[in-house]
Amino acid sequence: MQAVYKTICLTKIIGFASMKRKRAPGGGRKPKVGFSTSSLTIRIPDDLRKQLESEATTTHDSIAQRLLWHLRQSMSRQRDKDRDPAMRGLCFLIAQLAHHITGPHLTDGKRELSLYDWRSDPFFYRAFKLAVGQLLDALEPPGPIRSYEVKPIDLTDRDPHLRHYVESFKSPEAKAQYVVEYVLAAFRQIPALSDQEREQAQRELLNALLPPSMKREFYAMPDAARDLAIKAQSGKTTKAKIDLTLLFT
């Protein structure tokens, strides 16, 4: 059963973060500024370099930072392509909700700037949360709800995680609770892995026969944690520093 096997693997991987280890006096994890990096030398066409230099000047980044940004965007789009069409459509609708929740927007026809932040502002986050719920209600398929019976395997009696998984098929509420706990555990623990723990988990991923979604989950969670970090609010209305026309979108 793929889902059970996936549960075993993720439990093992994120378990590295909570393993008790003996440390030398004065030891312990040192604060990390970012992920570990390594050098890579590449040659790119002159026109691409000029585009990167222009972007770097505008965003006050280095050329390497802009190149990494584009690489992450490309890999993110590839991950999206791996999802089923219905999920891609739903993610688009949810993104549209977030866009319109934070309107009106400032635009010059090419760029667009939100006046508000749905993630960090309690008012707009609550509005977004309610909108997502109403959207899902409108898309709910017709028909009665039935429970599903999953045959337990021998490991279920000895592993509480697998037992929880099997029991989640009893009702939609149980399934929702299980999935939320599962995703939040990955969301909180995978990005918190030390460099040593991350390398060990990567070796586990390479040596195990895992579905693509498992690897996508491991590598994408740190990006999700970074992107969903709550930003400090100034309490003042955002003002554009560039000459833009106000459009109500």
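Tabulated data for the structure shown
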{"item": "Residue in region 82-93 that is modelled with pLDDT of 85 or more, within 19 Å of V132 (Cβ to Cβ) and of a type outside the set (A, V, I, L, M, F, W, C) present", "result": "yes"}
{"item": "Test result for Q51, at pLDDT below 85 and of a type in the set (S, T, N, Q)", "result": "no"}
{"item": "Of all residues in region 166-186 being over 28 Å from G143 (Cα atoms) and touching a residue at least 40 places away in the same chain (Cβ under 8 Å), the one that is surrounded by the fewest Cβ atoms within 10 Å (Cβ to Cβ)", "result": "A185"}
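The values are calculated or read from the model by the stated rules, or taken from the named source; none is laboratory data. Fair warning: this is a prediction, and the values are worked out from it, not measured in the lab. Every residue, glycine as well, gets a Cβ built from its backbone with ideal geometry; the counts of neighbours run over all protein chains shown.
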